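The values are calculated or read from the model by the stated rules, or taken from the named source; none is laboratory data. Just so you know, these numbers come straight off a predicted model, no measurement behind them. Don't worry about glycine lacking a Cβ; one is built from the backbone with ideal geometry, like all the others, and counts go over all protein chains shown. All accessible areas refer to the heavy atoms of the entire protein, side chains included, with ligands and DNA or RNA removed. Shrake-Rupley method; radii C 1.70, N 1.55, O 1.52, S 1.80 Å.
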Amino acid sequence: MTSDKKENCGLFGIFGDSEAINKTYFGLHSLQHRGQESAGIASSDGKFIRCYTGMGTVKRVFRRGSAVFEKLSNPIAIGHVRYSTTGSSSSINSQPILSEYSRGQVAIAHNGNLINASLLRDEYEAYGSIFKSTCDTEIITHLLAKPSHVSKPDPLAHVLNHLQGAYCLLFLFPDYIEAARDPYGIRPLCIGQTQAGAYIVASENCALDVIGAKFIREVEPGEIVRLDKNGLHSRFFVKPDSITPAHCIFEHIYFAKQSSSFFSQNVHEFRKKVGKQLAIEHPVKNADVVIPVPDSGTSAAIGYSEESKTPFDMGLVRSHYVGRTFISPSQESRELEVKLKLAIVKEVVRDKRIVVVDDSIVRGTTTKSKIEALRQAGAKEIHMRVSCPPIRYPCFYGVDFPTKEELIANDRSVEQIRKFLNVDTLGYCSLEGLLSCAIKPQENYCTACWSGKYRIPVDIAMNKFSMEHYQLHMFDEIDA
Ligand code: AMP
C-alpha cells in the first residue's frame, strides 16, 4: 500500500529539562498553525520511551495534569503536530511513531514529504515487512532496523541518504535526540536553548519564543544535530554546501507564523515586502480601501496599503473558533466554512472601491465565495491582489495542494480566472517580483508550484525511480 499524502507538520524537541513535557506542550501549541489534525509527544527518562498521540489539536489531545501528562513527564521529549489533508485523516498516521528494533526503542517525528516513500515501501513489503500506518514516515523505521544498515559506522546518516524529498526529522532514542534536515533545506528547522542551557529543536522559532528560549541558529541543509548529556553535536550526511538549497518559499508566503524567522528572514517582513511589490506591479487607481483576507493576507495588505498610500481596514474579520477539522475538507463544505470563518464588516466595504489582498489562490473556490459575499455586502468595485504567482503545478514536497487538474491556474489565463472570480481586476505578484523580496539568492528557493521546475526530480514520486539521481546524494565516506 502506498501513500500520496502531503505532510507539512510542526516539530518540537527538547533535551535535559525537568519541565520538558510542559515546554513541549507549549511549543507544540505555538506550532499549531502547522497542523491541527493530530498531536503527539514521546518522552524518555533516559532509559525508556513512552509515547502518546491523538486526533485533534494539542489542547484536545493533552490535558495538563492528567495521568497521561504525568506519565510523559520526563526530561527528554519530542512532539509533533500534523496537518489536516483530504483523505488521510486517521489516528494510525499520528506521530511520533514509536518502534522497537535490534538497537532498542526509537520514536520518530517527521515534517515534509518523502517522494520515494512508496518505492521504498513496495521494496520492503516485497521482502515481508509489515507496515502499521499509511504514513511515509514509517519507512524510516524499517530502514533503520535493516541489519545491513544497523552495522554501518553511522547508521542514521546512511539511512538518511536513502530518503528523497522534503524532510525535517526528529529521532528520540532513550538517551539522546537526533534532528536532521534534508540536503535541500526545503522545510525550516531551528535550534534554541533555554536559560538553564537545555537544547531545543523546533520547526519555527515562535516555539522558542513562547517558552522564553533563545534562538541559536537554523539546522543546516544536510546536517544532523545530536542533543545528549554532553550538549549539542553536529555532523553532515551529505558534503556541506554540495547542493544548492531549495527552500520552500510558500512557507514564507502562507504556511508559517508571521513572528517566525527562517531562511534568514522574518515571515511578516517578507510578506509586507511582497505587498509593496504587488502595489508597484498592480496599482489600483482611486481605490478607497485595502482589506486583507485574514490572517494569511494581512501582512501583504499592510505593505500594499503603505506603498499605495491607500487606507488599510478590516473588511473581513476572522473567527478563531472554527478549527480546520471542524468541517471535513470536501468541496461543498468550503463555502459554509468561508461563511463561518470570515465575517464581513459591511460598513467598511459598502459603496467602496476595495482592494482585497490574499496570499494565494489554489482552487479558487473559497476566494470566489469571499468575493461573492463582499459583493452582497455592497462593494462597488473589487480588485483582487495575490502575493504569489498563479499556482499551476502540484507540490510533491509537503504543501497540501490538490492535483494539477484542480488548481484553478492550471489551465486558465489570469483573465479567465478574473471572470471566474467575478472581480473587476486581478493581479498576481510576478515570480521575479516575489523572489526580489527574498534575502537569499533566487536559486536558493523552490518555485516548482509556479514554474514547474522541480528541484528534486519528481519522476521518483511517480515511481520511475532514477538510480542515477539517488546515487548523486550518496556520501561516499559514509558508505565506505
Ligand atoms: P481557494 O480560493 O479555494 O484557492 O483558497 C485560497 C485560500 O486558501 C487563500 O486564502 C490561501 O491563504 C489558502 N491556502 C493556500 N494554500 C493552502 C493550503 N495548502 N491549504 C489550505 N489553504 C491554503
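Being more than 16 Å from the ligand (Cβ to nearest atom), touching a strand residue (DSSP E or B) at 6+ places or on another chain (Cβ under 9 Å), on the phi < 0 side of the Ramachandran plot and assigned by TED's automatic domain parsing to the domain that holds E178: is that true of F237 here? Answer is yes for this residue.
Please determine whether any residue of region 161-168 is modelled with pLDDT of 95 or more and farther than 25 Å from C395 by Cα. No, because not a single residue in region 161-168 is modelled with pLDDT of 95 or more and farther than 25 Å from C395 by Cα.
Of the residues making up region 1-33, those that are away from the ligand (no atom under 16 Å from the Cβ), polar (S, T, N, Q), modelled with pLDDT of 95 or more and under 30 Å from T403 (Cβ atoms) number 0. Within region 258-303, the set of residues being within 15 Å of the ligand (Cβ to nearest atom) and closer than 24 Å to D351 by Cβ comprises I291, P292, V293, P294, G297, T298, A301.
Residues are listed down the side, and each one gets a yes or a no for (1) open to solvent by 10 Å² or more (accessible area, probe 1.4 Å); (2) touching a residue at least 40 places away in the same chain (Cβ under 8 Å):
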{"site": "S151", "(1), (2)": "yes, no"}
{"site": "L160", "(1), (2)": "no, yes"}
{"site": "Q164", "(1), (2)": "no, yes"}
{"site": "L169", "(1), (2)": "no, yes"}
{"site": "P174", "(1), (2)": "yes, yes"}
{"site": "R181", "(1), (2)": "no, yes"}
{"site": "P188", "(1), (2)": "no, yes"}
{"site": "I191", "(1), (2)": "no, yes"}
{"site": "A196", "(1), (2)": "yes, yes"}
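Which of the residues belonging to region 263-312 are open to solvent by 20 Å² or more (accessible area, probe 1.4 Å) and closer than 30 Å to Y184 by Cα? Matches in region 263-312: S264, N266, H268, E269, K272, K273, K276, Q277, D295, S296, T298. What about G27, is it within 21 Å of Y254 (Cβ to Cβ), open to solvent by less than 30 Å² (accessible area, probe 1.4 Å) and touching a helix residue (DSSP H, G or I) at 6+ places or on another chain (Cβ under 6 Å)? Criteria not met by G27. Among the candidates G10, G40, G16, the residue that is closer than 25 Å to I191 by Cβ and in contact with a Lys or Arg (Cβ under 6 Å, 6 or more places away or on another chain) is uniquely G10. I21 falls short of the stated requirement of being of a type outside the set (S, T, Y) and closer than 30 Å to Y184 by Cβ. Here D411 meets each of (1) more than 27 Å from H33 (Cα to Cα); (2) open to solvent by 70 Å² or more (accessible area, probe 1.4 Å); (3) in contact with a Ser or Thr (Cβ under 8 Å, 6 or more places away or on another chain) with one exception, condition (3). When every residue of region 212-220 is checked against the conditions, none turns out to be crowded, with 20+ Cβ neighbours inside 10 Å, within 16 Å of the ligand (Cβ to nearest atom) and at pLDDT 95 or above. Of the residues making up region 271-285, at least one is more than 29 Å from S451 (Cα to Cα) and not in a helix (DSSP H, G or I). Residues of region 35-55 that are modelled with pLDDT of 95 or more and charged (D, E, K, R): D45, K47, R50. Checking each residue in region 396-409 for being within 12 Å of the ligand (Cβ to nearest atom) and more than 14 Å from E251 (Cα to Cα) picks out P402, E406, L407, I408, A409. Can you find, within region 363-395, the residue that is nearest to the ligand (Cβ to nearest atom) among those that are open to solvent by 40 Å² or more (accessible area, probe 1.4 Å) and part of a loop (DSSP other than H, G, I, E, B)? Looking at residues that are open to solvent by 40 Å² or more (accessible area, probe 1.4 Å) and part of a loop (DSSP other than H, G, I, E, B), I get R363. Among the residues of region 330-345, are any away from the ligand (no atom under 11 Å from the Cβ), assigned to a loop (DSSP other than H, G, I, E, B) and modelled with pLDDT under 90? So far as region 330-345 goes, yes, one or more of its residues are away from the ligand (no atom under 11 Å from the Cβ), assigned to a loop (DSSP other than H, G, I, E, B) and modelled with pLDDT under 90.
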